[in-house]
Amino acid sequence: MMKMEWCCHENAKDWGLLVLRVIVGVIFIYHGWGKLTNIDQVVGFFAAESIPLPVFFAYVVGLSEFLGGIGVLLGAWTRLSAAVLGIVMIFALLIVHIGGPFSGSELPLALLGAAAALKTVGGGKYVLMKSECICKPMKK
């Protein structure tokens, strides 16, 4: 009987990326939907934080998290979705979480790391859209 080593299995990376995409996508969808369905509270929070154009940015953040989460979850425009979500997390860390306790920054930091990983390596084999970005060697 042959023992299967998951760490060495040819699809291990793709399964890992699928799990990462699903979890990160669900988290962003949840938070984006929460912002969109409570937009007045988000606008008030953004205004209290002195974020310029609080109505505009409340919608930008809510839609970015919701639609970006869907993109990551499905593997549709994974790299673009991850880039947008990473930018949202950078601003969240710099504007909302800076100066606060580290425990308040853990989720945005973890999501920034996940978004950076997905931006860098893509969504793996199990994606809705397979023709995202194909890296080709540059010719000299």
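The values are calculated or read from the model by the stated rules, or taken from the named source; none is laboratory data. Please read these numbers as outputs of a predicted model, since none were measured by experiment. When we count neighbours, we look across all protein chains shown, and the Cβ atoms used for this are built from the backbone with ideal geometry, even at glycine. Accessible surface is based on the protein model in full, side chains and every heavy atom, while ligands, DNA and RNA are left aside. Shrake-Rupley method; radii C 1.70, N 1.55, O 1.52, S 1.80 Å.
Overview of results
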| quantity | calculated |
| --- | --- |
| Among (1) at pLDDT 95 or above; (2) more than 13 Å from Phe28 (Cα to Cα); (3) small (Gly, Ala, Ser), the one test that Gly86 misses | (2) |
| Within segment 99-115, tally of residues that are assigned to a helix (DSSP H, G or I) and either farther than 14 Å from Val24 by Cα or open to solvent by 50 Å² or more (accessible area, probe 1.4 Å) (or both) | 8 |
| Residue count, segment 77-125 (criterion: in contact with a helix residue (DSSP H, G or I) (Cβ under 7 Å, 6 or more places away or on another chain), under 20 Å from Phe46 (Cα atoms) and β-branched (Val, Ile, Thr)) | 3 |
| Close pairs (7 angstrom Cβ cut-off, 6 or more residues apart or separate chains): more than 30 Å from Gly122 (Cα to Cα) and part of a helix (DSSP H, G or I) in segment 24-50, hydrophobic (A, V, I, L, M, F, W, C) and open to solvent by less than 50 Å² (accessible area, probe 1.4 Å) anywhere | Ile39/Ala58; Val42/Ala58; Val43/Ala58; Phe46/Ala58 |
| Breaking point among (1) in a helix (DSSP H, G or I); (2) at pLDDT below 95, for Glu10 | (1) |
| The listed residue being aliphatic (A, V, I, L, M), open to solvent by 20 Å² or more (accessible area, probe 1.4 Å) and over 19 Å from the mean Cα position of the chain (by Cα), out of Ala47, Ala83 | Ala47 |
| Members of segment 89-98 that are free of Cβ contacts under 8 Å to residues at least 40 places away in the same chain and either within 18 Å of Gly71 (Cα to Cα) or open to solvent by less than 80 Å² (accessible area, probe 1.4 Å) (or both) | Met89, Ile90, Ala92, Leu93, His97 |
| Any hit, segment 57-71, residues being within 18 Å of Asp14 (Cα to Cα) and in a helix (DSSP H, G or I) | yes |
